[in-house]
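**Student:** Pasting a structure below so you can have a look.
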Amino acid sequence: MQKTRWVVHDSDLDRAARLASALACPTAIAAILAKRNVTPESAAAFLDPTPAQLHSPALLRGMREAVQRIRQAVAGGDKILIYGDYDVDGTIATVLLKTAIERIAPPGRPAQVSYHVPHRLREGYGMQNGRLGEAAADNVRLVISVDTGIRAFEAAREARALGLDLIVTDHHLPDEVEGVPDALAVINPAQPECDYPNKHLCGAAVAFKLAYALLEAHATTPERQQRLKDILVPSFLKLVAIATVADCVELTGENRAMVWLGLRELANPVQAGLRALMQVAKLPLNQPPTAAEVGFRLAPRINAAGRMDVASTVVELFLTRDPAAAEALAHQLDELNQDRRAQEAAALEAIELQLLTLRSEDGAYPAECIVLDHPEWHRGVLGILASRVVERTQRPALVLTSDTEHAHGSGRSIPGFHLLEAITSAHAEGGIFTRFGGHAHAVGFSLPSDRLQELRDSLQRHSAVHLTKELLHPELHIDAEVKVEDLTPTLLQWLARLAPFGHGNEEPVLLARSLALSAAPRIIRERHICLPLGDRLCAVGWSRTGHVAWPERIQPLHLSAGSRIDCVFRLRENKHPQYGGLELELFDLRPTADGKRTVHLPAAG
């Protein structure tokens, strides 16, 4: 088994005690809340968020100018083009802003607003000068980007030359040297001199803030204000929640509140497209989905359109009011997702072969950013493939597909290694990219095929300095240590109250020591295991593709009835009427006598 170091972070004992007393919650829950900087005073806001936790859109730099110009365009009947992106974040941002602009139009004079979602393969990411030229020729007067544009300097210059007013709404990191494009307004919490408190909004959330500001300016009567509060904002938050989860931004503070509120509203999906998509994804329509269900069942089907075909299908789905059309579009997305999964599976086989060539005799991967390339990999699944490589190797990874002239790629990273800085450094050395952008943990780019070796060499030099041994050493971070008597339905219910889970608010990982097996391990479908631990309690290990299967992992331990083990796990419930009960979903285990690799770190602060 892999020698993973277990890291238990001690909590603020005084704060945990006060939380346990104030909330009447289990000790483990109080410890977890204390580690996440929740206090008795802030606990209510954390456990039961309200719309009051959402920041005012007016705090975003550029908001006033953007609202003024859009209202002027709608009042004057100007043609408006929303320029989106092809992923979940970009398509949902397009839907939110188009809906809001249409709602502020005067009676009998509908807004002249259209949208363009680029084709991933034919156009690629970002605004294209040719499309702006087409818009100008069609008498468009205002272009609004969503989830893109913060590095569109050339497109901004082209828009100005064409006589187009440009409003950029985005959340990606600006260029540190050139700053932001020369546009009528730029709305991005990450831009310099923006005082907005939440720097981690996704693109759809930025579009939502603009939509909210437009609707708020339009709500000039008490009736409109009440409708905005009671109907429109909750309706919009359903889609904002999906985009926020799908884009993997931090689920803390305002982001967590928006997702919490939006998931609650998804218990009643009234819009035809959203309802049809949830049905196709086999999600119940009478209870809120979890963030995990959104991330693994809804988001892949939405993303599949942009990955495999035309992402405008998603916009059509969320705008239609026709149930029959919605059902057909939802099934189309489902079929595209099946195609995406097939492409991914085929590519993973080739990836495994390439990874084998990189491993040393002791099975270790090189201490550098891994770069894999194959001409037959579909560009629509490169980001997913990069994530799989990171999971398999615990190294940052770039995955590319290339032909004789052009290479296109996506990258994913590990905690602590800023991937956008790494590829920015590569570009600074020789200007190798034709286009690039992203975040600390995810990037996308294109470059001439003959410069691929330059990219590999540059990343190797960057990794030698920034990819330290501490970042590469496998660690399993544990939120709380519990005893077997603590594993109750009450604990499970309290854990659920800490949701929604995601980056920055991960689902708690627990440690229990000296658990006795009540029977020998049972193998499930040759790859998974079940370890009985007593009456209606067991530990289960699910083996993922590309990882060592659990039966192989535990074989050297010679476990049998009476064996004692220490387990790191997440608590689950098996609802099977005959075999159901609490389950420990395993991350790692070891014989109880082996406690050498458990590290206790002091509480922060």
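**Student:** What nm value, rounded to one decimal, do you get for the distance between residue 360 and residue 429 when each label is placed 7 Å out toward the C-beta?
**Tutor:** Going from the residue 360 label point to the residue 429 one covers 2.2 nm.
**Student:** Would you mind putting 557-567, 169-179, 216-226, 301-311 in packing order, based on average other-beta-carbon counts within 10 Å, highest first?
**Tutor:** On the way: 557-567: 15.1, 169-179: 18.1, 216-226: 13.1, 301-311: 24.5.
Highest to lowest by the protection proxy: 301-311, 169-179, 557-567, 216-226.
**Student:** Give the span of segment 359-472's Cα atoms along each principal axis, as three whole-Å numbers ordered largest to smallest.
**Tutor:** Largest to smallest, the principal-axis extents are 37, 29, 25 Å.
**Student:** Further question on the same structure: For segment 145-174 and segment 9-85, compute the distance between their C-alpha centroids and round to whole Å.
**Tutor:** 28
**Student:** I've got another one for you. For 417, 296, 587, what ranking results if the residue with the fewest other Cβ atoms within 10 Å of its Cβ goes first? Each step should come with its number before you reach the end.
**Tutor:** Values: 417 20, 296 12, 587 17.
Lowest count first: 296, 587, 417.
**Student:** Sticking with this one: For the residue pair residue 338 and residue 585, what label-to-label distance in nm results when each label sits 7 Å from Cα along the Cα-to-beta-carbon direction?
**Tutor:** 2.6
**Student:** How far apart, in nm, are two points set 7 Å out from the Cα along the Cα-to-Cβ line at residue 352 and at residue 199?
**Tutor:** Label-label distance for residue 352 and residue 199, simple model: 4.2 nm.
**Student:** Here's another thing I want to ask about it. To the nearest 0.05, what FRET efficiency results for residue 282 and residue 544 with a Förster distance of 25 Å applied to their C-beta separation?
**Tutor:** Numbers: r = 21 Å, r/R0 = 0.85.
Efficiency computed from Cβ-Cβ geometry: 0.75.
**Student:** ³J(HN,Hα) across segment 445-456 via Karplus (A = 6.51, B = -1.76, C = 1.60, θ = phi - 60°), whole Hz, x for Gly/Pro?
**Tutor:** Each residue of segment 445-456 in turn: 6, 9, 7, x, 4, 6, 10, 4, 5, 4, 5, 4 Hz.
**Student:** Tell me, what is the FRET efficiency for residue 575 and residue 473 to the nearest 0.05, using R0 = 41 angstrom and their Cβ-Cβ distance as r? Present the calculation step by step, with values, prior to reporting the outcome.
**Tutor:** Values: r = 38 Å, r/R0 = 0.92.
The calculated FRET efficiency here is 0.60.
**Student:** Under a no-solvent Debye model with one identical scatterer per Cα of segment 408-566, what's log10 I(q)/I(0) at q = 0.12, 0.15, 0.17 Å⁻¹?
**Tutor:** Results for segment 408-566 at q = 0.12, 0.15, 0.17 Å⁻¹ read -0.78, -0.95, -1.06.
**Student:** In which sequence would 377, 6, 542 go, from the one with the fewest C-beta neighbours within 10 Å to the one with the most? Provide the component values of the computation, followed by the final result.
**Tutor:** On the way: 377 23, 6 20, 542 13.
Ascending number of Cβ neighbours within 10 Å: 542, 6, 377.
**Student:** Next question. Report the Cα centroid-to-centroid distance between segment 255-277 and segment 183-219 in angstrom, as an integer.
**Tutor:** 21
**Student:** For a footprinting-style exposure proxy, rank 259, 113 by other Cβ within 10 Å, fewest first.
**Tutor:** Details: 259 28, 113 23.
The most exposed by this proxy come first: 113, 259.
**Student:** Expressed as an acute angle from 0 to 90° and rounded to the nearest 10, what is the orientation of the C-alpha long axis of helix 63-76 relative to the principal long axis of the chain?
**Tutor:** With both axes taken from Cα atoms, the answer is about 50 degrees.
**Student:** Which order do peptides 95-101, 37-43, 500-506 fall in by mean Cβ count within 10 Å, highest first? Please report the intermediate quantities before stating the final value.
**Tutor:** Details: 95-101: 24.7, 37-43: 14.4, 500-506: 19.1.
Highest-to-lowest ranking by the protection proxy: 95-101, 500-506, 37-43.
**Student:** Can you tell me the FRET efficiency between residue 121 and residue 176 if r is taken as the Cβ-Cβ distance and R0 is 41 Å, rounded to the nearest 0.05? Intermediate values should be presented prior to the final figure.
**Tutor:** Numbers: r = 30 Å, r/R0 = 0.73.
That gives a FRET efficiency of 0.85.
**Student:** Still on this model: Post the alpha-carbon centroid distance, segment 450-528 to segment 353-405, in whole angstrom.
**Tutor:** 21
**Student:** What number, in percent, do you get for the relative contact order of the chain if the mean sequence gap of Cα pairs under 8 Å and at least 6 apart is divided by its residue count? The partial results should precede the final answer.
**Tutor:** Values: 1165 pairs, mean separation 83.8, N = 605.
This gives 14 percent for the chain.
**Student:** A further question follows. Which label marks the calculated value of Rg and Dmax of the Cα atoms in Å, given the options (1) 25.3, 79; (2) 38.6, 141; (3) 28.8, 97?
**Tutor:** Of the listed options (1) 25.3, 79; (2) 38.6, 141; (3) 28.8, 97, (1) comes from this structure.
Each reported figure results from applying straightforward, stated rules to the coordinates on display, with no laboratory input. None of the values given here were measured: they were computed from a predicted structure. FYI the Cβ positions are ideal-geometry reconstructions off the backbone, even for glycines, and counts take in every protein chain you see.
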